[in-house]
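**Student:** First the structure, then my questions, so here it is.
The values are calculated or read from the model by the stated rules, or taken from the named source; none is laboratory data. What you see is a predicted model, and the numbers here were worked out from it, not measured in a lab. Don't worry about glycine lacking a Cβ; one is built from the backbone with ideal geometry, like all the others, and counts go over all protein chains shown.
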Ligand SMILES: [Zn+2]
Ligand SMILES: [Zn+2]
């Protein structure tokens, strides 16, 4: 057991992050079996559309997403964005101590490691923060999780290339099309040579309608990225209904 885990368990009771059930000292990840099963959004297939993933040049690809209107090569997600998962992710956005970042990174790192066995991608790039929100919060919760995934997957983190250059109004009540319009032109590539021909895992905390992942993937591919596969902690389950 790591010293940091001992310390965390002394300061905070080791409960399941999603349902608060007591798990016992030293248990990692801080997710109970019931929640791991209940919220699981990954069964070896694309988490957005449920299609089978095939391998091209050693990397996983979802042909349903690719042949549809999407610029990304597929989506993997650890959990459905609902109830306890939703609450934990929202709490993480406002948690100064970042206690939940490690627990939230655990399953998606495991899935990435399982899928990228044949070949590693070149980079993991987090969806960049909205500057206004970053300034008011003081830290970037998506990047916090991504930094842990970098350590757990050995995928180099690239943070200064994909940038969000325009602020967007809150889009929680908008449809996919409205969101896409809202977010269009908000992302830019700072250094195209850094991503030319590269295989990229694009990371975000939540995949709701897919508009953010779509816009980021489009910008990355237009700037020369060869492959962009989205990996998120959670995904809205409305796609499966
Ligand atoms: Zn639980
Ligand atoms: Zn798909």
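**Student:** Within 16 Å of ligand 2 (Cβ to nearest atom) and touching a residue at least 40 places away in the same chain (Cβ under 8 Å), is that true of residue 105?
**Tutor:** Values: within 16 Å of ligand 2 (Cβ to nearest atom): no; touching a residue at least 40 places away in the same chain (Cβ under 8 Å): yes.
For residue 105, the condition - within 16 Å of ligand 2 (Cβ to nearest atom) and touching a residue at least 40 places away in the same chain (Cβ under 8 Å) - is not met.
**Student:** Out of 185, 197, I need the residue that is at pLDDT 95 or above, surrounded by fewer than 13 Cβ atoms within 10 Å (Cβ to Cβ) and in the same structural domain as residue 68 (by TED's automatic domain parsing). Which one? Can you show your working first?
**Tutor:** On the way: 185 fails: at pLDDT 95 or above.
The conditions single out 197.
**Student:** Go through (1) within 11 Å of ligand 1 (Cβ to nearest atom); (2) more than 30 Å from residue 69 (Cα to Cα) for residue 13 and report which single condition fails.
**Tutor:** That leaves (1) as the condition not met.
**Student:** Considering each residue of region 109-125, count those that are in contact with a strand residue (DSSP E or B) (Cβ under 7 Å, 6 or more places away or on another chain), surrounded by fewer than 21 Cβ atoms within 10 Å (Cβ to Cβ) and either assigned to a helix (DSSP H, G or I) or outside the structural domain of residue 44 (by TED's automatic domain parsing) (or both), and give that number.
**Tutor:** The number of residues fulfilling the criteria is 2.
**Student:** Which ranges mark the strands (runs of 3 or more DSSP E) fully within region 133-215 that have 3 or more residues being in contact (Cβ under 8 Å) with a residue 60 or more places away in the chain?
**Tutor:** 199-207
**Student:** Residues that are assigned by TED's automatic domain parsing to the domain that holds residue 116 and within 16 Å of ligand 2 (Cβ to nearest atom): find the helices (runs of 4 or more DSSP H) completely inside region 1-73 holding 2 or more of those. Explain how you work it out, then say what you get.
**Tutor:** Values: elements: 3-11, 33-38, 63-67.
In region 1-73, the matching helices (runs of 4 or more DSSP H) lie at 63-67.
**Student:** Moving on to the next point. When residues of region 200-238 are filtered for being modelled with pLDDT of 95 or more and either more than 14 Å from the chain's Cα centre (by Cα) or farther than 23 Å from residue 144 by Cβ (or both), how many remain?
**Tutor:** 12
**Student:** For residues that are away from ligand 1 (no atom under 12 Å from the Cβ) and surrounded by 11 or more Cβ atoms within 10 Å (Cβ to Cβ), scanning just region 16-39, find the one that is nearest to residue 82 (Cα to Cα). Break it down stepwise before answering.
**Tutor:** Initial filter on region 16-39 (away from ligand 1 (no atom under 12 Å from the Cβ)): 24-26, 28.
Filter once more, keeping what is surrounded by 11 or more Cβ atoms within 10 Å (Cβ to Cβ): 25-26, 28.
Details: 25: 27, 26: 27, 28: 22 Å.
The selected residue is 28.
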